[in-house]
Protein chains: 2
Amino acid sequence: MDTLVAFLQSSNLVNYEKATMIASHFTLKEMDKGDLHLTAGKISDEYFFLEKGFMRAFAHDTEGNEVTTNFYGDKQVVFEVSSFFNRIASRENFQCLGDCRGWALSYADLNMLFHTLPEFRDFGRAMLVKGFSSLKTRMLSMITETAEQRYHGLLEQRPEIFHHAPLKNIASYLGVTDTSLSRIRKEFSKK
Amino acid sequence: MDTLVAFLQSSNLVNYEKATMIASHFTLKEMDKGDLHLTAGKISDEYFFLEKGFMRAFAHDTEGNEVTTNFYGDKQVVFEVSSFFNRIASRENFQCLGDCRGWALSYADLNMLFHTLPEFRDFGRAMLVKGFSSLKTRMLSMITETAEQRYHGLLEQRPEIFHHAPLKNIASYLGVTDTSLSRIRKEFSKK
DNA sequence: TTACGTTCTTGTCATTTGCGAAGAAAAAAG
DNA sequence: CTTTTTTCTTCGCAAATGACAAGAACGTAA
């Protein structure tokens, strides 16, 4: 649980004492490779801190194809914002790409903590803002960059992804087919 | 100012009395067509409720081309989340596409209200979550739909945009060139 | 190990899209 | 109203990408 406490402190918004107190409300959750942490159609009720492992989020398009919408590594918060806060069914699934271990907080507990601890409120908002911001950046790169540029960018900025996720997941995350990604990699290896 | 009060109440998170009290901290701001409400490089310090008019947000890509990232109509909150909350320079510009009139709240005032009114906090979070959620939807459509499908979707879901924004802005918002959008429209009119 | 299923690569072909440039149309300025 | 600027459309061509299919490579489980 030390990892969680350290994570809460890392933002400099929460001190050690408060971090320990917040962390005490989380419960341990362990999953195996392939397990679904959240299934589309259900309401997300876990604000989940991933201590160890790797996960991805994916949705289905109108034709039923899987589209990977995000990857999560060690020490990241994993939850479906809209489902969690609006208490509505999630359109996304969260799947473990390896054995996972982390800490979960329920909606009720999170609200209780938000209500009593302004620091945790700010922490929560900072997480939300961060997620929003990185999604915006990704949208911009989707519009302005070629598939090849996006591939290289991901390779530089988040190399861990390539160690944990199959290429077809990465392809849909980048907005290309697996065929196309394979070609991009081939061109790249020529140099 | 009635419009603002009504807007604050519309979420059902804030009652009339509190809405009036919150609204009293906003200040009126009027702008002409073409004016920049926020310039890239500056820190956004206005949580802005657009009462009347139409605006767009745009950024520049690495080659210096304008990319429209969002459109805002009547009765919408307009602000750059990351710049506003993190107090960092904005990468985006906000421009009036017609004469605009709305109400602005400073970061300091917003925090003061967040601190004293749990209802307004929830309201603020709901706005944030909503923006996040719609950006996710848009990202998914960018990955799974063709440019033509995205065009038709926008035409159905937000027809006002076509009454206020030039097509080249809409093109970059949709992630295509103006040339390509022109072709898509031509194909469409053949039916 | 062997057999099976999944993932990845490669090929061909059709389609979409971008780029550069030119002209038409529309809007703004004088 | 005329001029100027901006926006929109159109053209030809090249490049990128998707769809489909076949086979290779890989991992998993019996």
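The values are calculated or read from the model by the stated rules, or taken from the named source; none is laboratory data. Predicted model, so just to flag it, every value in this text is computed and none were measured. With ideal geometry, Cβ positions are generated from the backbone for all residues, glycine too; neighbour counts draw on all protein chains shown.
Give the number of residues within segment B:171-191 that are within 11 Å of DNA strand D (Cβ to nearest atom) and in contact with a strand residue (DSSP E or B) (Cβ under 7 Å, 6 or more places away or on another chain). I'd like the intermediate steps shown before the answer.
Initial filter on segment B:171-191 (within 11 Å of DNA strand D (Cβ to nearest atom)): B:171-172, B:177-190.
Adding the requirement that they be in contact with a strand residue (DSSP E or B) (Cβ under 7 Å, 6 or more places away or on another chain) leaves B:172.
Counting residues in segment B:171-191 that are within 11 Å of DNA strand D (Cβ to nearest atom) and in contact with a strand residue (DSSP E or B) (Cβ under 7 Å, 6 or more places away or on another chain) gives 1.
Scanning segment B:147-182 for residues that are hydrophobic (A, V, I, L, M, F, W, C) and under 16 Å from A:Thr144 (Cα atoms), which turns out surrounded by the fewest Cβ atoms within 10 Å (Cβ to Cβ)?
Here the answer is B:Ala147.
When you look at A:Ile143, is it in contact with a helix residue (DSSP H, G or I) (Cβ under 8 Å, 6 or more places away or on another chain), among the β-branched types (Val, Ile, Thr) and either under 24 Å from B:Gly64 (Cα atoms) or more than 14 Å from DNA strand D (Cβ to nearest atom) (or both), yes or no? Walk me through how you get there before you give the answer.
Working: in contact with a helix residue (DSSP H, G or I) (Cβ under 8 Å, 6 or more places away or on another chain): yes; among the β-branched types (Val, Ile, Thr): yes; either under 24 Å from B:Gly64 (Cα atoms) or more than 14 Å from DNA strand D (Cβ to nearest atom) (or both): yes.
It is true that A:Ile143 is in contact with a helix residue (DSSP H, G or I) (Cβ under 8 Å, 6 or more places away or on another chain), among the β-branched types (Val, Ile, Thr) and either under 24 Å from B:Gly64 (Cα atoms) or more than 14 Å from DNA strand D (Cβ to nearest atom) (or both).
Yes/no matrix, rows are residues, columns are (1) under 18 Å from A:Phe132 (Cα atoms); (2) modelled with pLDDT of 95 or more:
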site: A:Lys18; (1), (2): no, yes
site: A:Gly34; (1), (2): no, no
site: A:Glu51; (1), (2): no, yes
site: A:Ala57; (1), (2): yes, yes
site: A:Asn70; (1), (2): yes, yes
site: A:Arg91; (1), (2): yes, yes
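Which residues, counting only those in segment B:147-169, are within 14 Å of chain A (Cβ to nearest Cβ) and either within 8 Å of DNA strand D (Cβ to nearest atom) or charged (D, E, K, R) (or both)?
B:Arg150, B:Lys168, B:Asn169
Identify, from the list A:Arg91, A:Arg125, the residue that is under 17 Å from A:Phe58 (Cα atoms), within 11 Å of chain B (Cβ to nearest Cβ) and among the basic types (Lys, Arg).
Details: A:Arg125 fails: under 17 Å from A:Phe58 (Cα atoms).
Residue meeting the stated conditions: A:Arg91.
Of the residues A:Gly34, A:Gly41, A:Gly102, which is in contact with a strand residue (DSSP E or B) (Cβ under 7 Å, 6 or more places away or on another chain), outside any loop (DSSP other than H, G, I, E, B) and not assigned by TED's automatic domain parsing to the domain that holds A:Pro166? Don't jump to the end; show me each part of the working.
Details: A:Gly34 fails: outside any loop (DSSP other than H, G, I, E, B); A:Gly41 fails: outside any loop (DSSP other than H, G, I, E, B).
Exactly one residue qualifies, and that residue is A:Gly102.
How many residues does segment B:57-73 contain that are out of contact with any Asp or Glu (no Cβ under 7 Å at 6 or more places or on another chain), in contact (Cβ under 8 Å) with a residue 24 or more places away in the chain and either of a type in the set (A, V, I, L, M, F, W, C) or more than 14 Å from chain A (Cβ to nearest Cβ) (or both)?
Step one: list which residues in segment B:57-73 are out of contact with any Asp or Glu (no Cβ under 7 Å at 6 or more places or on another chain), which gives B:61-66, B:68, B:70-72.
Filter again for in contact (Cβ under 8 Å) with a residue 24 or more places away in the chain, leaving B:65-66, B:68, B:70-71.
Narrowing the set further to residues that are either of a type in the set (A, V, I, L, M, F, W, C) or more than 14 Å from chain A (Cβ to nearest Cβ) (or both) leaves B:71.
Adding up the residues that qualify gives 1.
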